[in-house]
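Heads up: the structure comes next, in structure tokens.
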Amino acid sequence: MRKHLFLIALICSIFVACGPKPELPTVTTNSVNDITETSAFCVGAIVDNGNADIIAKGFCWGTNQNPTLNDNVVAADMTREDAADDYFTATLSELTAATEYYVRAYATNSEGSAYGENIKFVTLEVNGEPETPEIPEDPEIPEDPYNGYEYVDMGFSSGVKWATCNVGATAPEGYGEHFAWGEIATKETYESSNCTSYYKDLGDISGNPEYDAATAQWGGGWRTPRLADMYELATQCTWIWATVNGVNGFNVVSNINGNHIFLPAAGFMNTPASIASGNEGVLDQGVVGGYWTTTPYSEEIEGGTNSNTKACFLDFSSAYYITDWALRRNGFSIRPVID
């Protein structure tokens with residue numbers, strides 16, 4: 001009996017030893033928005049939990065670069081079931097007016113705490129109006145459009161270049177058309193029952209003309225961005241909420257070469273939500289933007305589960321911009337890229 005118990009204990013120890021070794025998590029500081037005289041709204045994300053449960057996350061800030069948990073800290077909500085694997089937000093408060101601050105997201109697991117990138121921001125003066133963002137100069141556009149469509153080189157190390165317009169639009173501020181994920185044509189209703197990519201294990205569809213609307217409609221070379229492309233745009237640029245020819249959206253200005261693109265808040269299509277709200281057609285146009293990537297949501301992305309009904313996208317309003325996931329049935333915009 002003792003021999004059997006010893007063998008069981010030995011086998012268990014082998015399985016435990018072969019498991020992934022815990023390490024520090026990976027976290028990003030995504031944005032700082034809604035800055036006032038005394039507060040600021042922050043967005044962060046857990047990229048990798050380090051093979052261990054996240055037990056705390058939030059933001060630390062101060063007037064010097066690289067603030068840590070020894071400085072000012074605000075914790076993010078950990079009560080939701082998906083809290084350890086989701087984007088998180090928190091509001092910094094009791095700040096001093098007209099002061100320069102640095103903020104970093106943090107995440108803690110059994111191995112310790114890790115930090116995201118520094119973001120610098122300046123609180124408003126007392127009774128001050130929000131500073132009017134500087135209007136970017138017109139971006140440098142190559143003389144020869146690719147397949148007839150213009151693009152902007154943002155100077156990214158990946159070499160990816162971004163189109164100036166959405167699919168279906170003829171100007172940067174044009175809303176364009178809305179597509180369900182993995183579909184190359186628009187339709188009258190957007191629901192689970194008529195989403196052709198539901199429950200299909202398609203992998204990354206970037207550049208596949210059967211599933212990628214950018215490639216199908218604009219020709220080979222053009223494709224819908226992957227999640228990595230969208231994350232590069234989110235982290236390597238300054239995002240300025242603006243109104244262009246009466247259309248709300250973000251001027252996305254490259255921190256590398258100053259070139260920019262305009263992403264209109266084109267709203268989204270979701271027939272069940274439209275029915276529930278009593279609003280037909282496009283929802284929240286001029287208020288929110290949803291832009292598909294070609295990356296399916298999977299276990300490798302934030303520890304999520306892959307039922308082949310979800311995909312990653314860029315989600316934004318005037319208060320935030322994040323890469324997130326949504327059900328494939330939603331009709332979102334597409335901003336093509338070329339390599």
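Hey, any hits in region 137-152 for a residue that's of a type in the set (G, A, S) and modelled with pLDDT of 85 or more? Yes, region 137-152 contains at least one residue that is of a type in the set (G, A, S) and modelled with pLDDT of 85 or more.
Annotation note: of G290, G258, the sole residue that is assigned by TED's automatic domain parsing to the domain that holds T309 and in contact with a strand residue (DSSP E or B) (Cβ under 7 Å, 6 or more places away or on another chain) is G290.
In region 254-276, of all residues being of a type in the set (A, V, I, L, M) and surrounded by 21 or more Cβ atoms within 10 Å (Cβ to Cβ), the one that is farthest from C237 (Cα to Cα) corresponds to M269. Count of region 326-335 residues, restricted to those that are surrounded by 21 or more Cβ atoms within 10 Å (Cβ to Cβ) and part of a strand (DSSP E or B), is 3. Scanning region 197-218 for residues that are modelled with pLDDT of 95 or more and either among the hydroxyl-bearing types (S, T, Y) or not assigned by TED's automatic domain parsing to the domain that holds T271 (or both) yields a total of 4.
The values are calculated or read from the model by the stated rules, or taken from the named source; none is laboratory data. This structure is a prediction, so every number in the text was calculated from the model and none was measured. All Cβ positions, even for glycine, are placed from backbone atoms using ideal geometry, and neighbour counts span all protein chains on display.
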